[in-house]
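Enquirer: Take this structure, written in structure tokens, and hold onto it; I'll ask about it next.
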Amino acid sequence: MIKFKRNFWFKLNRSLHRDVGYFSIGLTIVFAISGLALNHIRDFNPNYQVTRIEKPVQIDVELKDELIIKNLLKNFDLKRAVKASYWESKHVFKLFFDEGHTLTFHSGQQKALFEMIEARPILPHFNRLHLNEAKHGWIVFSDIYAICLLYLAISALFMVRGKHRALGRRRGWLIALGALVPTLYIFI
Amino acid sequence: MKLPLLFITLFITSANLVAKPLHFGETVKEEQVTPISKLLETPENHVGKKVTVSGTIVGVCQKRGCWVDLASDKRFQKLRLKVRDGDMVFPLHTKGRKAIATGTMNAIPLSLPQTKHYLASLAKRDGEKFDPESVTEPMSIYQVVPVGVKILD
């Protein structure tokens with residue numbers, strides 16, 4: 001009777017671990033990919049692809065803004081309409097286009113930089129979820145996901161019996177190592 | 001089953017991202033706009049107070065979307081709207097669009113070395129020479145922490 005009970009809980013735990021694991025696959029992929037992207041945000045912009053074209057230009061800053069704009073557009077062979085312009089300083093003049101493209105003229109260095117931005121297809125959405133920009137509705141779902149992860153971690157302790165059991169001598173050190181690394185980071 | 005549903009959700013949210021105009025946080029008090037130049041004439045008088053400003057977006061935080069710079073009505077002047085990461089995420093593609101924001105003005109006091117470093121970076125951007133010894137007083141940077149932002153077409 002005792003043996004039947006032990007087997008029942010063991011099998012139930014394994015089945016639940018499997019199904020909760022399946023349920024968590026989608027979000028784990030989202031969080032893992034966006035986690036990698038956000039960890040390396042200094043080296044790589046995960047939300048936008050920014051293409052830069054720099055050219056030397058010879059434009060007299062004493063000209064009227066309209067003429068400077070005309071010259072800049074001609075230099076970069078741009079036919080698009082200018083949405084706004086702005087003198088950032090005596091030497092830096094910026095033009096803005098639709099979709100957030102920018103053309104910056106540095107009169108001191110007589111060069112101009114055209115920056116085209118394009119939103120990446122999937123990653124920004126992953127990041128949006130990861131950083132909880134969607135707020136309230138998402139909090140409920142991500143709480144459920146966090147509870148699922150907790151359950152997966154705890155139930156994993158009881159998934160295997162015998163010599164390779166989680167809390168045994170042969171594999172217990174892996175759990176200790178997993179806990180030790182974050183502990184060290186706290187105290188270092 | 002979950003993965004297709006997730007992708008459907010993602011594409012619905014992407015449609016929201018490009019919707020115009022964009023609203024973040026509380027409703028802005030459009031009827032109470034103060035020119036940026038007026039605020040920056042005596043910025044210390046407005047610190048800690050609620051203000052509403054408007055201007056063309058001339059800069060956006062590329063990585064996290066946590067700030068935008070609004071062009072002032074005065075030449076060479078701008079004012080930064082800065083939020084805590086994730087409170088509002090300003091899309092990079094809003095550069096060049098007009099925005100109205102309501103929020104609290106705050107000051108970031110710089111030490112003398114920080115002031116020199118800040119002014120040196122501005123001079124470098126403009127391709128100008130800069131003598132750090134010419135700076136003898138520390139300065140403050142003023143920005144608005146918005147509670148509501150409306151980005152127009």
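Enquirer: When a footprinting reagent is the concern and you count Cβ atoms within 10 Å, what order do B:Ser54, A:Ser15 take, fewest first?
Expert: With the sparsest Cβ surroundings first, the list reads A:Ser15, B:Ser54.
Enquirer: Kindly flag which residue pairs out of A:Lys83/B:Lys98; B:Lys20/B:Lys74; A:Lys74/B:Lys124; A:Lys83/B:Lys129; A:Lys90/B:Lys78; B:Lys82/B:Lys124 have an alpha-carbon separation exceeding 22 Å in this structure.
Expert: B:Lys20/B:Lys74; A:Lys74/B:Lys124; A:Lys83/B:Lys129; B:Lys82/B:Lys124
Enquirer: Right, something else. How compact and how long is the stretch B:30-153, expressed as Rg and Dmax of its alpha-carbon atoms in Å?
Expert: 15.0, 45
Enquirer: Treat every Asp and Glu Cβ in the protein assembly as shown as -1 and every Lys and Arg Cβ as +1, leave all other atoms uncharged, and give the resulting dipole magnitude about the Cα centre to the nearest 20 debye.
Expert: Computed charge dipole of the protein assembly as shown: roughly 2280 debye.
Enquirer: Mind checking the dipole of the stretch A:4-64: about its Cα centre, +1 per Lys or Arg Cβ, -1 per Asp or Glu Cβ, Debye to the nearest 20?
Expert: With only Lys, Arg, Asp and Glu charged at Cβ, the dipole is about 820 debye.
Enquirer: How far apart, in nm, are the 7 Å Cα→Cβ label points at A:Phe187 and A:His40?
Expert: Between A:Phe187 and A:His40, the label points sit 3.2 nm apart.
Enquirer: For the Cα atoms of chain B, what angle does the longest principal axis make with the long axis of helix B:112-126, in degrees from 0 to 90, nearest 10?
Expert: That helix lies at roughly 70 degrees to the long axis.
Enquirer: Shifting gears a bit: Rank the residues A:Trp173, A:Trp87 as a footprinting-exposure proxy: fewest other Cβ atoms within 10 Å of their Cβ go first.
Expert: Least crowded to most crowded, the residues run A:Trp173, A:Trp87.
Enquirer: Could you calculate the FRET efficiency of A:Leu174 with A:Val140 from 1/(1 + (r/R0)^6), where r is the beta carbon distance between them and R0 is 22 Å, rounded to 0.05?
Expert: After rounding, the FRET efficiency stands at 0.10.
Enquirer: Can you give the net charge of the other residues whose Cβ lies under 12 Å from the Cβ of A:Met116, counting K and R as +1 and D and E as -1?
Expert: Taking every Cβ under 12 Å from that of A:Met116, the sum is -1.
Enquirer: Using 7 Å Cα-to-Cβ label points, what is the A:Lys5/A:Ala156 separation (nm, one decimal)?
Expert: 2.9
Enquirer: Among the aspartates and glutamates, which fall within straight-line cross-link reach of B:Lys50, defined as a Cα-Cα distance under 17 Å, with same-chain neighbours fewer than 8 residues apart omitted?
Expert: Those aspartates and glutamates meeting the cut-off are B:Glu26, B:Glu30, B:Glu31, B:Glu41.
Enquirer: Separate question: Can you compute the label reach from B:Lys50? Point 7 Å from Cα along the Cβ direction, backbone N cut-off under 17 Å, restricted to the stretch B:85-110.
Expert: Correct set: B:100-106.
Enquirer: Please report B:Val68, B:Val89, A:Val160 as a ranked list, fewest other C-beta atoms within 10 angstrom at the top and most at the bottom.
Expert: Ascending number of Cβ neighbours within 10 Å: A:Val160, B:Val89, B:Val68.
Enquirer: What is the Å³ per residue value for the convex hull set by the Cα atoms of the protein assembly as shown?
Expert: 205
Enquirer: Using a simple spin-label model with points 7 Å from Cα along the Cα→Cβ vector, what separation in nm is obtained for A:Ser15 and B:Glu133?
Expert: 8.3
Every read-out reported here was derived from the displayed coordinates using simple, explicitly stated rules and does not represent laboratory data. Small disclaimer: the values here were computed from a predicted structure and weren't measured. Note: ideal-geometry Cβ built from the backbone for every residue, glycine included; neighbour counts use all protein chains shown.
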